[in-house]
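Below you'll find the structure, written out as structure tokens, and then a few comments.
The values are calculated or read from the model by the stated rules, or taken from the named source; none is laboratory data. Keep in mind that this is a model prediction, so the values were computed, not measured. Methodologically, a virtual Cβ is constructed for each residue, glycine included, from the backbone with ideal geometry; neighbour enumeration extends over all protein chains shown.
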Amino acid sequence: MSILVIAEHDNASLVGATLNTVTAAQQIGGDIDLLIAGNGCAEAAQAAAQVAGVNRVLLADDPSLEGQLAENVANLVVSLAGNYTHVLAAATTFGKNFMPRAAALLDVSQISEISEVVSADTFVRPVYAGNAMAKVQSSDSIKLITVRTTKFDAAAETGGSAAVEAVAVAADSGLSRFVGLAASESERVELTSASIVISGGRGMQNGENFHMLDSIADKLGAAVGASRAAVDAGFVPNDYQVGQTGKVIAPDLYIAVGISGAIQHLAGMKDSKTIVAINKDSEAPIFQVADYGLIADLFDAIPELDKAL
Amino acid sequence: MKVLVGVKRVLDPQVKARVKADKSGIDLTNAKMTMNPFDENAVEEAIRLREAGTIEEVVALSIGAAKSEETLRNALALGADRAILVLTEDVLEPLAIAKVFKAIVEKESPDLVLVGKQAIDDDCNQTGQMLSALLGWPQATFASKLELADGTAQVTREVDSGLETINVNMPAVVSVDLRLNEPRYASLPNVMKAKRKPLDKMDLADLGLDTANRMTTIEVMEPPARAAGVIVESVAELVEKLRNEAKVI
């Protein structure tokens, strides 16, 4: 078997999710190539070559890949896919964007967001926001797969010494243009890579009160997240959102503050190793998944927790 | 201009999915069903475009069992002008749905297709991207802002690292995210009016497409349960447990 992993990168380095995707590829088994596609991304290719277990790094460095538009990336993937039995990408907004497009062009189904590799053609994936797990078998000749990265450990960033080979890039589709990216500005660790996350819900009452969580996050080296209810109420920007429609994360410690625990929020955090819930409503569903529950008014508990750390 | 909007009938998001005892799937017997929440945003956006005078007609499409008519009537009550139902009792994969969708696009020639970014039952997040690929159209996924001008669509996309803006030629397929708009509710008079709006039905078989599934569901299982937790009495006890028992801080 031969597997192509489409790497996610910022031109200089790999996004962590790529390393988890490499592990999923290793569980399928076979030679693993990494594709770095972008404009001015040679440095990321050098980083990719160091990843343990990688056979070759394919570098597609071309102005048409600026912004990694789905049309151009999908065409590139299609041009390479014939050499592989499996093509994998992380189930991030990057992978979810181009992968189904490539699958349709190849006339194959995509297996979305696998959480377990059973064999080379059989995988487990969550459905209904993780309320059920489906074991599915694919009959397609090339298997295009996105990977739920929280379910696979990260491959070692170093230890490999893969060769970097340039690959031809198809002409720009001309269908779409990259205008710009307004990256969210935060000095803190990113939600998806943080080992500790503290999230606030509707119980925080307003955006100003989220600063109470900032102080604790700084002490713990944690990221700050939020429930959809808090985002919809305008307390914090949408990229804070943890849940089925936001980010799916699995940190070592997740602290849910004033979050009731709607199904769609639980879908985004219930694989965390240790879950703490702080809520004054003892009936809140969040307590059903919490390892440690504290039934208290967050406006008393949070300042006290801040002092105790 | 014309907009074609895809809507899917799914289990109500407030209802907990229950795995069937024989592990063949989710038990939907007598379950409350509704329009996929992301599709509600797609319908809302289409109606707002018509209200703004940017487009003239909103056509809603559903591909599924006969009861999908309820979902289409809901779209009509919200403001769609007419609806198309492609009838099939089979549960089709997104690739097959995209092929059916493409056949309807070729009949209707819309300037824009709007779909929800993902259905909350199979959580695939594929149909919009696949449809645009099959049509050779551009795609704009996870849209939180949409502006049409001069034969192009300027779309702000919700991506993991923030907000990305792209500009795509029309016709295009746009898959929408929850923050695009706040869907309205259908008023009772509009619900009544929707009963008389045109709704065309056709059988999937009459379209002559290969819609065979490529995947077999071997079994559907309950997710692994978490071990029961404990209730702590104080912040001090919580910190002590996190330090010495869970060893996470």
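Look at residue A:284 and say whether it is crowded, with 24+ Cβ neighbours inside 10 Å and either facing another protein chain (nearest Cβ under 10 Å) or in contact with a strand residue (DSSP E or B) (Cβ under 9 Å, 6 or more places away or on another chain) (or both). Taking the combined requirement at face value, the residue does not satisfy it. All of (1) farther than 21 Å from residue B:123 by Cα; (2) away from chain A (no Cβ under 11 Å); (3) surrounded by 21 or more Cβ atoms within 10 Å (Cβ to Cβ) hold for residue B:198 with one exception: (3).
Quickly run through segment B:16-27 and pick out the residues that are surrounded by 16 or more Cβ atoms within 10 Å (Cβ to Cβ) and at pLDDT below 95. Please lay out each step first, then the result.
Step one: list which residues in segment B:16-27 are surrounded by 16 or more Cβ atoms within 10 Å (Cβ to Cβ), which gives B:17-19, B:25-26.
Answer for segment B:16-27, where residues must be surrounded by 16 or more Cβ atoms within 10 Å (Cβ to Cβ) and at pLDDT below 95: B:17, B:18.
Just checking, does segment A:222-235 include any residue being more than 10 Å from chain B (Cβ to nearest Cβ), over 19 Å from residue A:150 (Cα atoms), part of a helix (DSSP H, G or I) and of a type outside the set (Lys, Arg)? Outline the logic, then answer.
So in segment A:222-235, the residues more than 10 Å from chain B (Cβ to nearest Cβ) come out as A:223-227, A:229-230, A:233-235.
Narrowing the set further to residues that are over 19 Å from residue A:150 (Cα atoms) leaves A:229-230, A:233-235.
Now restrict to residues that are part of a helix (DSSP H, G or I): A:229-230.
Among the residues that remain, those that are also of a type outside the set (Lys, Arg) are: A:229-230.
Yes: segment A:222-235 contains one or more residues that are more than 10 Å from chain B (Cβ to nearest Cβ), over 19 Å from residue A:150 (Cα atoms), part of a helix (DSSP H, G or I) and of a type outside the set (Lys, Arg).
The lone criterion from (1) facing another protein chain (nearest Cβ under 9 Å); (2) surrounded by fewer than 22 Cβ atoms within 10 Å (Cβ to Cβ) left unmet by residue A:176 is number (2). Here residue A:129 meets the list (1) within 30 Å of residue B:21 (Cα to Cα); (2) more than 14 Å from chain B (Cβ to nearest Cβ) almost entirely, failing just condition (2).
Inside segment A:106-125, residues that are out of contact with any Ser or Thr (no Cβ under 6 Å at 6 or more places or on another chain) and surrounded by fewer than 19 Cβ atoms within 10 Å (Cβ to Cβ) make up a count of 6. When restricted to residues that are of a type outside the set (Lys, Arg) and in a loop (DSSP other than H, G, I, E, B), segment A:177-199 contains 8. The set of residues in segment A:247-271 that are surrounded by 24 or more Cβ atoms within 10 Å (Cβ to Cβ) and not aliphatic (A, V, I, L, M) comprises A:251, A:254, A:258, A:265, A:268.
Within segment B:111-143, if we keep just the residues that are in contact with a Leu (Cβ under 7 Å, 6 or more places away or on another chain) and crowded, with 23+ Cβ neighbours inside 10 Å, the residue that is nearest to residue B:47 (Cα to Cα) turns out to be B:113.
Checking the condition more than 14 Å from chain A (Cβ to nearest Cβ), farther than 22 Å from residue B:172 by Cβ and either not hydroxyl-bearing (Ser, Thr, Tyr) or not in a loop (DSSP other than H, G, I, E, B) (or both), which residue from B:49, B:61, B:28, B:72 passes? Explain how you work it out, then say what you get.
Numbers: B:49 fails: farther than 22 Å from residue B:172 by Cβ; B:61 fails: farther than 22 Å from residue B:172 by Cβ; B:28 fails: more than 14 Å from chain A (Cβ to nearest Cβ).
Step by step, each of B:49, B:61, B:28, B:72 is checked, and only B:72 is more than 14 Å from chain A (Cβ to nearest Cβ), farther than 22 Å from residue B:172 by Cβ and either not hydroxyl-bearing (Ser, Thr, Tyr) or not in a loop (DSSP other than H, G, I, E, B) (or both).
When segment A:173-230 is filtered for residues that are of a type in the set (Asp, Glu) and either touching a strand residue (DSSP E or B) at 6+ places or on another chain (Cβ under 7 Å) or under 30 Å from residue B:174 (Cβ atoms) (or both), the ones remaining, listed by number, are A:185, A:190, A:214.
Just to be sure, is residue B:93 within 14 Å of chain A (Cβ to nearest Cβ) and in contact (Cβ under 8 Å) with a residue 24 or more places away in the chain? It is true that residue B:93 is within 14 Å of chain A (Cβ to nearest Cβ) and in contact (Cβ under 8 Å) with a residue 24 or more places away in the chain. Test each condition in (1) under 19 Å from residue A:113 (Cβ atoms); (2) surrounded by fewer than 18 Cβ atoms within 10 Å (Cβ to Cβ); (3) away from chain B (no Cβ under 14 Å) for residue A:137 and report the one that comes out false. Every listed condition holds for residue A:137 apart from (3).
Look at residue B:184 and say whether it is touching a residue at least 12 places away in the same chain (Cβ under 8 Å) and surrounded by fewer than 20 Cβ atoms within 10 Å (Cβ to Cβ).
On the way: touching a residue at least 12 places away in the same chain (Cβ under 8 Å): yes; surrounded by fewer than 20 Cβ atoms within 10 Å (Cβ to Cβ): yes.
Yes, satisfied.
In summary, residue B:220 fulfils each of the numbered conditions (1) surrounded by fewer than 17 Cβ atoms within 10 Å (Cβ to Cβ); (2) more than 25 Å from residue B:112 (Cα to Cα) with the single exception of condition (1). Being more than 8 Å from every other protein chain (Cβ to nearest Cβ) and at pLDDT 95 or above, is that true of even one residue in segment A:100-114? There is at least one residue in segment A:100-114 that is more than 8 Å from every other protein chain (Cβ to nearest Cβ) and at pLDDT 95 or above. Set side by side, the residues A:309, A:253, A:266 differ, and just one is within 11 Å of chain B (Cβ to nearest Cβ) and touching a strand residue (DSSP E or B) at 6+ places or on another chain (Cβ under 6 Å), which is A:253. Pick from segment B:161-180 the residues that are crowded, with 20+ Cβ neighbours inside 10 Å and part of a loop (DSSP other than H, G, I, E, B): which of them is farthest from the other protein chains (Cβ to nearest Cβ)? That would be B:171. Within segment B:98-142, if we keep just the residues that are free of Cβ contacts under 8 Å to residues at least 40 places away in the same chain, aliphatic (A, V, I, L, M) and in contact with a helix residue (DSSP H, G or I) (Cβ under 7 Å, 6 or more places away or on another chain), the residue that is farthest from the other protein chains (Cβ to nearest Cβ) turns out to be B:135. State whether the residues of segment B:75-84 include one that is in contact with a strand residue (DSSP E or B) (Cβ under 7 Å, 6 or more places away or on another chain) and farther than 22 Å from residue B:107 by Cα. No, segment B:75-84 has no match at all.
Sort out which residues of segment A:129-176 are without any contact (Cβ under 8 Å) to a residue 40 or more places away in the chain, assigned to a strand (DSSP E or B) and not small (Gly, Ala, Ser), and write them in order of number. Answer for segment A:129-176, where residues must be without any contact (Cβ under 8 Å) to a residue 40 or more places away in the chain, assigned to a strand (DSSP E or B) and not small (Gly, Ala, Ser): A:133, A:135, A:136, A:137. Sub-9 Å Cβ pairs linking a first residue in segment A:212-233 that is surrounded by 16 or more Cβ atoms within 10 Å (Cβ to Cβ) to a second residue that is among the charged types (D, E, K, R) and assigned to a strand (DSSP E or B), at least 6 apart or interchain, are A:225/A:247, ordered by first then second residue.
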